[in-house]
1. If Glu137 meets every condition in (1) within 17 Å of the chain's Cα centre (by Cα); (2) in a loop (DSSP other than H, G, I, E, B) apart from one, which number is that one?
2. Residues that are surrounded by 23 or more Cβ atoms within 10 Å (Cβ to Cβ), within 16 Å of the ligand (Cβ to nearest atom) and of a type outside the set (Val, Ile, Thr): which strands (runs of 3 or more DSSP E) entirely in the stretch 19-122 hold 1 or more of them?
3. Would you point out the residue of the stretch 123-142, among those that are modelled with pLDDT under 95 and charged (D, E, K, R), that is farthest from the ligand (Cβ to nearest atom)?
Amino acid sequence: MKRTGIIAAQGDISEHIEAVNRAFGEMGVKGEGVQVRSRNELKRIDGVILPGGESTSISKLLASFGLHDTLINRAEEGMPIMGTCAGSILLARKGGSEVQRTGTRLLGLMNMEVDRNAFGRQRESFQTRLDVVGLEEPYEAVFIRAPAIIDVWGDCKPLAKIDDYIVMARQGSRFALTFHPELTPDFRLHRLFLSEL
Ligand code: GLN
């Protein structure tokens, strides 16, 4: 039985649990999505998802749950991790001035720099068909006050772009998506992540 934890601080927690359960079902793998709020719960899972929401609030909640350092340790031990929207911001090594101004503590697990509200400044939310490296058909992606990845280096590679902005990147078994894959009934990106468990 594979257990995928969803960090239950804020954001689309139940949607991610549903998407994980559906994706495991499609893969024919016995597995489930579970909420994670404590260090003990974090020790008992095989992979973890950091949902979207508001990155400053999530970073504060991670610290108050005592999860910040444990998440870094578990990822460094090789546990797969996926961050969506605000979650992708927290995975980055570098944030822009807004991340600094708000004192948001990043996990620094991926070699990338993010711009926290890159799309939010242009359009609050939008939906678009994305070409994703490794997927045969485009993916209908929902963006909500979305960040963008403005630079990647080393072993962090872009998987999808809108113009010059990277909107999905991968570094080994770590995935950053600046959109919300839990909001569309297409579980291919959850499956891509879960296949790393
Ligand atoms: N731009 C938001 C932030 O800075 C993220 C938005 C989202 O997760 N929908 O946290």
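The values are calculated or read from the model by the stated rules, or taken from the named source; none is laboratory data. Being a predicted model, the structure only gives us computed values, none of them experimental. Every residue, glycine among them, receives a Cβ derived from its backbone with ideal geometry; neighbour counts consider all protein chains shown.
1. Result: Glu137 fails condition (1) only.
2. Values: elements: 31-36, 47-50, 81-84, 92-95, 110-115.
Where strands (runs of 3 or more DSSP E) fall fully within the stretch 19-122 and carry at least 1 residues being surrounded by 23 or more Cβ atoms within 10 Å (Cβ to Cβ), within 16 Å of the ligand (Cβ to nearest atom) and of a type outside the set (Val, Ile, Thr), they are 47-50, 81-84, 92-95, 110-115.
3. Only one residue tops the list, namely Arg123.
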